[in-house]
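Engineer: Got a structure here, written out as structure tokens. Questions coming.
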Amino acid sequence: MEGPYQLKKHKCRFVKILPLYSDEIPQELFYAVTDKPDLRSFPYPLPASPSAYFCSAQTADGIIWYGADNGVTAIDPNAERPSFRVMYFSAERYLPDNEVKSLYAEDNVLWVQCRTGAARIEMKELTCEEKAMLLYAETRKAVDRRGMVTSKHLTEPRLIETAVSYGHSDNDGCFTAAFALGEIFHYAYNKKTKGPNHPDTLSAKAAANRASETCLLLMNISGRGNGFVARTYLAPDEPLPNDGLFFRKTEDGTAVCLDTNEARRRGMVGMKVKADTPVPARLARQYRSLGYDDVGIRYKGDTSSDELTLHFMNMRYAFDLLCDEDDELRELIVRSCTNLMNHIIDNGYRLMEADGKPTTWARWDPEYFHSPVGWADACLNAVEILMYLQVTMHITGEQGKWREHYEKLINKYHYDELPLLHYDRFAHYSYAFGNDCEEELMYGDNMLAVCAFWGLIDLETDTARKEKFRKALRTWDHTLLREVNPGYLYPCKLVCPDYPLDEEAVADWFYHNNVSRLEAGVNMVRHDQPKRILFGGSAETSWLMQPDELPIERYDSNFNSYHEEIRGNLQTVETCYVYTFAYWTGKYFGFIV
Amino acid sequence: MENKKNIHLIGNAHLDPVWLWQRMEGQTEVLQTFRSALDRLREYDDFVFTCSSAAYYEWVEKTDPKMFREIVLAVRDGRWIPVGGMWVQADCNIPSGESFARQLLYSQLYFLEKFGRICKTGYHVDSFGHNAMLPQLLKQGGMNQYVMMRPSEKENPTIPQGLFWWESPDGTRVMTYHIPTGYGEHGRAALDRTMKKLREMAQGNDHSMMLFYGVGNHGGGPTRGDVEYLLHHREKSEDLVFSSPDTYFEEVKKTMVDLPVWKTELQHHASGCYSATSLVKTQNRQTENRLYAAEVWDTVASQLVNRVPETARFADAWKKVCFQQFHDILCGCSIVEAYDDVRDAFGYAKTVADETKTNALLQISHEIDTWVEGVSDPVSGDARHNDGGRDFLRPVVVFNSLSVPVTAPVRVPSPSARVYDETHEPVLFSNVRSSASNGSHQDTLFLAQIPPFGYRTYWLGETDDGGVKARSHLKAGKSFMENEAMRVEFDRQTGGITRLLDKKTGVEYCNGRQLGVPMVLRDEKTDTWAHNVFTFDEFIGPMALESMELVEKDGVRAVLRLRFVYEKSYLSCDYILAEGASVLRVKCRALWQEKFTIVKVPFDLGGKEPVFTSQIPDGYLVREPVGTEEPCQKWIDLTVTDGEGKRCGLALLNDCRYSCDCTNTRLSLTVLRNVIFADHYSNRPPADFRYTDEGLSCFEYGILLHGGEASPAALTGEAQRFNIRPDVILAGYHKGGRPQKASFIKIDAPNVLVTALKFSEDGSGSVVLRLYETDGKPKTRISVMSELLNCGFYSDLTANQIKTFRIEPNGRVYDVNFLEGIDKK
């Protein structure tokens, strides 16, 4: 890398949807008439057929806007970057619907009249950092649930302020840990560049602490005292979903398994489990400060390796970057890490549920790797557990038992060889289901793989093993490199110097991320976008679009996925970590300025 | 967990429709074999029959509809399993990528129409080698599993036996079964021996295996004796399963076995087959090229004017080509009589192409405004062209059917005194000797520059108006020629190139060596296939130079004619260097009257660190320069580090050859192979043998120099230009709404080549555009713009990826596979 890439101010899409009767709409919009534009000789593909555009308007910033029956196309003749040359605005993220009736330009604002409403569109210039702060503020305001950040339901479409207070995710721990990593790097970057006492540094530290403590709380909230990690937890007054295994903490120091379909399936309804290990006060304040007691707290079990992998990475960087003057936090991390690692080792490389059986998706044992599902999982899970052991050695400062198991897994069970087989087994597994292994892939493990390899390669000191793990990381190229996501690319580049990194494409990714994570969908049926029919029959786009013209997704999605219908729920707002994790990782590690 | 280790019994009949017999006999053989297979199905409830090749099914459908209905029912019952997904079991090295697409398209759509399903398993159990792009080609044809047999373990022990993943350069994988025994075991002893071997392998590999049984080659299929013997064994052994390749793959894909991954081609078995019988190779390339251009212009014309596209005729023509690509035909190892049929079949396809293209081009050119006021006033031809000093320029429209721009000399009958383009800019031209022995004896040759998928109008005048003329930079003498790109000098004693200078890089390629002298080799010890011989190196010596003559020396091009002789044979080579050209063309005509010889044209570059690259179907491949005879497509390249430490290379393009070798720093194109027809390990009892490549052969190769490493994209573009030349229409004068220069489709990436522009087979009016990435670049975004097709879209391509776009009349575009999305409807 020659030096950090200089990200620039760039135009961002700000949109407001209004009913047609709104007083805010200038009356000129309703009387706007323009000649049908002739775009037949336009030199680039357009989202609608050139003959479909029937009206146009030019805003003061020089952008020319064209209306068609599939939304609005903006052409910026002065755009420095090709990705801003042609921009597409479609329902439901940017328009109430795609039937444009008229356009009207008022200074830098474009007004759009559609069949069912109007839109006010303005391209405002922001820095990437300003965007990160906007997104963070939205997440804190609308998504944060006692520090956990995944997504929230809105009672009114598009109105972020109507987010309900409850709502959980299976992967609250995983998403919150990723968010926490971003905030830790945010803090560390500010500390390095602005000094430890700068207000921006202090506020970033508070955010990083809050997120990391939330993760540690999930690692301690069960009170089982054996390192068991909860997926998430609910306050006593939050509704209980019939989804997964929930345990309610009781006054007698136990927790009882609640009546859900999953609990019935496993025969665990009413089962009691130890819950008397105290939750550290610093962590419990997340709910105690809101007036909740431990009794009545319901935590979710059957925790997966996804959760644990992100928790280990969060602990690793919280330990390195947050604990300088915070012995209490350091101690909490060391203890939580030790407990969890002991649990895994003591249970034969498995996370055990209250019924004495392993959880569904947290298994790293050789026996599992020889089962039909575990055979394909083994290549990633082997990396995970080796990473856990490396992080534990790093955090505890001890080798002993951890090293003994690390060497055993490599020397006896060849856990260093298994990761090299990832794509071969994955392709085989995909083939068994009639899919096209090159494209109809499972993207759900991308972030897990990135974090597992990141932690493992970074902490491994043996050169030969390091190289082997680097080679194994490249077996994930098929999924990781099908999109441009600095959240994957930066960690991979950190530990794998020859990892491909197209900085211009990454800059476009930052520039084209939205300023809001409202889950409003977009129209993918476009004149310039072929629908790709895959071997197994599913559909993808033929080219990867920029994030602002794609549905709002978290990591671990197929960003080439094609939908005939507009997807996205106007009543859901998503976490910002997709952007903030990538941005602050890039800043802290010197990829971008 | 324990994986199954069954032996899947695959009842089949290997059917060569042409080999030591002609097609009529092959058809009879198919009818007999299918009858026999249906009888076995009726006699034995568990028996399952597997059969490839859509052509055979179509024969039966046409000649015995009643039997065909029986087959339809058997397929429906899952007891007769069509496999292969191709028209025949094609040779898998010589057909172009587009030919593979057509093999798959027409066959899979046939199977879909007749049986309601496409084939799941690719199947080439007898084909002699398998190109490295085949996994992607198969997958694009709807199949992700493959059965093959050659080369054997003895021929190439490094290829996994049994099951493995085969991956093409783009990353596509197909699960592949390499038959370790034979495709047609029959008789108790053979079955016993094979069962024993396969059981051992199943244990060792930890997965099931397939046993292919049934009398083959000339058809036959499983006998009652064999079926009953296997039934008898099955009573004792639970691991025997009457099965099909489809069922086998269904089982093994569920096993948890880390299979080997093979990432290159599967060679070598019959190394002589890529040069034997040049006739069929030449016909194949010419027909592929002509059908491509004809479909392009049929599509454009049908979009442009009120014209019914000739899709059905093209399908018929392509099926003829597909049939001739059967491995024993295209590899030149059938009996000599078979090649009369081959020539006629290709002739049919070429006639379809030529008629259709000519009609389409005339229709398009008629839309162009070439009207000149006053041109219709005179009443005689002489007056029209020389009307009292009014020299009416004659309009000529030159068409480029490629997706890359073309600059090339084009020839028009009759001489000219001036040539202009559509903007009245002078164009370089010269008058050259025509082939006619009467009239003016001259043609006009001018340098045309035509946009991709487009045309350009040029104006030719009979009288000189004294205007400015375009100037040539060519120089030529009795033994040298030079343009802006290169200088070439020849030895007047040997005809060898003694100086070959790349003027852009300053690299001199000869340095005391002589390049390009045709070399004769002895080839008597092996058979037509060259079984067990993988290197041809029994050199007799160079052909002797008989004469050297400078035929053309200024204007558009210089031509030096060299005539070489050997015994009773000669080879005439016209070295043609055109103004501005980067390729030195060598137009060859050979009259060969020898026995057991090979002719190669070698280029020894010297230097070190050789990298040998060949074009393969829809791709390219780097091979070790170890002297083995290798199949190739339109170009081969050798790049070396020269004495000054510079990387530089020489590529050889060709218009109809498929075989080459590279021995360290010597690159050779094999141009003739002269062995007995269909000589299969025989002891050659006395006869009046016919030899392949006896008589007259015409072919061209081209020499292209480059600095640095080879650019497969640049070479692929040049090779395509070398193969598919511009078409000239003598347009006449007419009014029209089209401009005098146009490009109908623009594709903005230099590393992409279009291989098909046609109408969809479903008659919907949708247009199909197929292209592939030619340079191995990991990511390429292309844009395709066409007002004619009402489309403008982007697409991302990965390295070596093939893409097929279906462009609907409303401009909606689908990114589909070779089956055009028809199978997904």
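Engineer: Of all residues in the range B:249-299, which are within 14 Å of chain A (Cβ to nearest Cβ) and in contact with a His (Cβ under 6 Å, 6 or more places away or on another chain)?
Structural biologist: B:VAL252, B:THR255, B:VAL257
Engineer: Please go through the range A:294-332 and pick out each residue that is of a type in the set (A, V, I, L, M, F, W, C), surrounded by 16 or more Cβ atoms within 10 Å (Cβ to Cβ) and over 24 Å from A:ALA188 (Cα atoms).
Structural biologist: Within the range A:294-332, A:ILE297 is the sole residue that qualifies.
Engineer: May I pose another question? Of (1) in contact with a strand residue (DSSP E or B) (Cβ under 6 Å, 6 or more places away or on another chain); (2) closer than 30 Å to B:ASP126 by Cα; (3) of a type outside the set (Gly, Ala, Ser), B:CYS588 satisfies all except one. Which?
Structural biologist: (2)
Engineer: Among the candidates B:PRO180, B:PRO222, single out the residue that is at pLDDT 95 or above, touching a Ser or Thr at 6+ places or on another chain (Cβ under 9 Å), surrounded by fewer than 21 Cβ atoms within 10 Å (Cβ to Cβ) and in the same structural domain as B:ASP126 (by TED's automatic domain parsing).
Structural biologist: B:PRO180 is the lone residue from the list that is at pLDDT 95 or above, touching a Ser or Thr at 6+ places or on another chain (Cβ under 9 Å), surrounded by fewer than 21 Cβ atoms within 10 Å (Cβ to Cβ) and in the same structural domain as B:ASP126 (by TED's automatic domain parsing).
Engineer: Can you confirm whether the range B:814-825 contains a residue that is more than 8 Å from chain A (Cβ to nearest Cβ) and at pLDDT below 95?
Structural biologist: Yes, the range B:814-825 has at least one match.
Engineer: Follow-up question, since we're still on this one. What are the residues in the range A:225-238 that are charged (D, E, K, R) and surrounded by fewer than 24 Cβ atoms within 10 Å (Cβ to Cβ), if any?
Structural biologist: Residues satisfying the conditions are A:ASP237, A:GLU238.
Engineer: I've got another one for you. Name the residue that is surrounded by the fewest Cβ atoms within 10 Å (Cβ to Cβ), counting only residues in the range B:767-785 that are hydroxyl-bearing (Ser, Thr, Tyr) and either within 12 Å of chain A (Cβ to nearest Cβ) or part of a strand (DSSP E or B) (or both).
Structural biologist: Top of the filtered list is B:SER783.
Engineer: Being within 14 Å of chain B (Cβ to nearest Cβ) and either modelled with pLDDT under 95 or assigned to a helix (DSSP H, G or I) (or both), is that true of even one residue in the range A:567-587?
Structural biologist: Within the range A:567-587, none of the residues are within 14 Å of chain B (Cβ to nearest Cβ) and either modelled with pLDDT under 95 or assigned to a helix (DSSP H, G or I) (or both).
Engineer: Scan the range B:786-800 for residues that are buried (at least 22 other Cβ atoms within 10 Å of the Cβ) and either more than 7 Å from chain A (Cβ to nearest Cβ) or in contact with a Cys (Cβ under 8 Å, 6 or more places away or on another chain) (or both) and report the count.
Structural biologist: 5
Engineer: Let me ask another. For the range B:600-692, which fully contained strands (runs of 3 or more DSSP E) count at least 1 residues that are hydroxyl-bearing (Ser, Thr, Tyr) and at pLDDT 95 or above?
Structural biologist: B:608-616, B:619-623, B:635-641, B:659-663, B:666-674
Engineer: Which of (1) without any contact (Cβ under 8 Å) to a residue 60 or more places away in the chain; (2) farther than 20 Å from B:ALA101 by Cβ does B:ILE782 not meet, given it meets every other one?
Structural biologist: That leaves (2) as the condition not met.
Engineer: Return the residues of the range B:735-747 that are loosely packed, with under 15 Cβ neighbours inside 10 Å and modelled with pLDDT under 95; say none if nothing qualifies.
Structural biologist: Of everything in the range B:735-747, those that are loosely packed, with under 15 Cβ neighbours inside 10 Å and modelled with pLDDT under 95 turn out to be B:LYS735, B:GLY737.
Engineer: Let me ask something additional. Out of all the residues in the range A:521-535, which are closer than 20 Å to A:PRO47 by Cβ and either surrounded by 20 or more Cβ atoms within 10 Å (Cβ to Cβ) or within 12 Å of chain B (Cβ to nearest Cβ) (or both)?
Structural biologist: A:VAL522, A:ASN523, A:MET524, A:VAL525, A:ARG526, A:HIS527, A:ASP528, A:GLN529, A:PRO530, A:LYS531, A:ARG532 - these are the residues of the range A:521-535 that are closer than 20 Å to A:PRO47 by Cβ and either surrounded by 20 or more Cβ atoms within 10 Å (Cβ to Cβ) or within 12 Å of chain B (Cβ to nearest Cβ) (or both).
Engineer: Taking the residues in the range B:321-338 that are farther than 26 Å from B:VAL767 by Cα and among the aliphatic types (A, V, I, L, M) as candidates, determine which candidate is nearest to the chain's Cα centre (by Cα).
Structural biologist: Looking at the filtered set, the residue picked out is B:LEU330.
Engineer: Can you name the condition, by its number, that A:LEU39 falls short on among (1) within 14 Å of another protein chain (Cβ to nearest Cβ); (2) assigned to a loop (DSSP other than H, G, I, E, B); (3) in contact with a strand residue (DSSP E or B) (Cβ under 6 Å, 6 or more places away or on another chain)?
Structural biologist: Checking A:LEU39 against (1) within 14 Å of another protein chain (Cβ to nearest Cβ); (2) assigned to a loop (DSSP other than H, G, I, E, B); (3) in contact with a strand residue (DSSP E or B) (Cβ under 6 Å, 6 or more places away or on another chain), the one that fails is (3).
Engineer: Would the range A:71-78 turn up any residue that is of a type in the set (Asp, Glu), more than 26 Å from A:ILE566 (Cα to Cα) and more than 29 Å from the chain's Cα centre (by Cα)?
Structural biologist: no
Engineer: What's the number of the only condition in (1) farther than 16 Å from B:LEU667 by Cβ; (2) surrounded by fewer than 22 Cβ atoms within 10 Å (Cβ to Cβ); (3) modelled with pLDDT of 95 or more; (4) not acidic (Asp, Glu) that B:ALA581 fails to meet?
Structural biologist: Unmet for B:ALA581, out of (1) farther than 16 Å from B:LEU667 by Cβ; (2) surrounded by fewer than 22 Cβ atoms within 10 Å (Cβ to Cβ); (3) modelled with pLDDT of 95 or more; (4) not acidic (Asp, Glu): (2).
Engineer: Which one is nearest to the chain's Cα centre (by Cα), of the residues in the range B:204-229 that are under 24 Å from B:THR121 (Cα atoms) and in a helix (DSSP H, G or I)?
Structural biologist: B:ASN205
Engineer: In the range A:45-146, which strands (runs of 3 or more DSSP E) lie fully inside it and hold 2 or more residues that are under 18 Å from A:ARG158 (Cα atoms)?
Structural biologist: Answer list for the range A:45-146: A:109-114, A:118-126.
Engineer: Please determine, by comparing only the residues of the range A:480-503 that are farther than 30 Å from A:PHE433 by Cα and in contact (Cβ under 8 Å) with a residue 60 or more places away in the chain, which one is nearest to the other protein chains (Cβ to nearest Cβ).
Structural biologist: Per the stated criteria, the residue is A:LEU501.
Engineer: Can I ask one more? Out of the residues in the range B:231-246 that are surrounded by fewer than 23 Cβ atoms within 10 Å (Cβ to Cβ) and in contact with a strand residue (DSSP E or B) (Cβ under 7 Å, 6 or more places away or on another chain), which is farthest from the other protein chains (Cβ to nearest Cβ)?
Structural biologist: Among those residues, the one meeting the criterion is B:HIS233.
Engineer: Hey, another quick one. Under the condition of being touching a Lys or Arg at 6+ places or on another chain (Cβ under 7 Å) and among the aliphatic types (A, V, I, L, M), which residue from the range B:146-177 is surrounded by the most Cβ atoms within 10 Å (Cβ to Cβ)?
Structural biologist: Checked the range B:146-177; the qualifying residue surrounded by the most Cβ atoms within 10 Å (Cβ to Cβ) is B:VAL174.
Engineer: Scan the range B:272-320 for residues that are surrounded by 23 or more Cβ atoms within 10 Å (Cβ to Cβ), over 16 Å from the mean Cα position of the chain (by Cα) and part of a loop (DSSP other than H, G, I, E, B) and report the count.
Structural biologist: Here the count works out to 1.
Engineer: Can you name the number of the only condition in (1) more than 26 Å from the chain's Cα centre (by Cα); (2) within 11 Å of chain B (Cβ to nearest Cβ) that A:SER430 fails?
Structural biologist: Among (1) more than 26 Å from the chain's Cα centre (by Cα); (2) within 11 Å of chain B (Cβ to nearest Cβ), the lone unmet condition for A:SER430 is (1).
Engineer: Quick one: A:GLY291 ticks every box in (1) out of contact with any Lys or Arg (no Cβ under 8 Å at 6 or more places or on another chain); (2) buried (at least 19 other Cβ atoms within 10 Å of the Cβ) bar one, so which box is it?
Structural biologist: With respect to (1) out of contact with any Lys or Arg (no Cβ under 8 Å at 6 or more places or on another chain); (2) buried (at least 19 other Cβ atoms within 10 Å of the Cβ), A:GLY291 is out only on (2).
Engineer: Please find, among B:ALA749, B:ALA710, the residue that is assigned to a loop (DSSP other than H, G, I, E, B) and within 14 Å of chain A (Cβ to nearest Cβ).
Structural biologist: Of the residues listed, the single one that is assigned to a loop (DSSP other than H, G, I, E, B) and within 14 Å of chain A (Cβ to nearest Cβ) is B:ALA749.
Engineer: Can you give me the number of residues within the range A:357-381 that are within 14 Å of chain B (Cβ to nearest Cβ) and either at pLDDT 95 or above or within 27 Å of A:VAL495 (Cα to Cα) (or both)?
Structural biologist: Total meeting the criteria: 10.
Engineer: Suppose the filter is over 32 Å from the mean Cα position of the chain (by Cα) and in the same structural domain as B:ASP443 (by TED's automatic domain parsing); does B:ASP465 pass it?
Structural biologist: yes
The values are calculated or read from the model by the stated rules, or taken from the named source; none is laboratory data. These numbers were taken from a predicted model, which means no experiment stands behind them. When we count neighbours, we look across all protein chains shown, and the Cβ atoms used for this are built from the backbone with ideal geometry, even at glycine.
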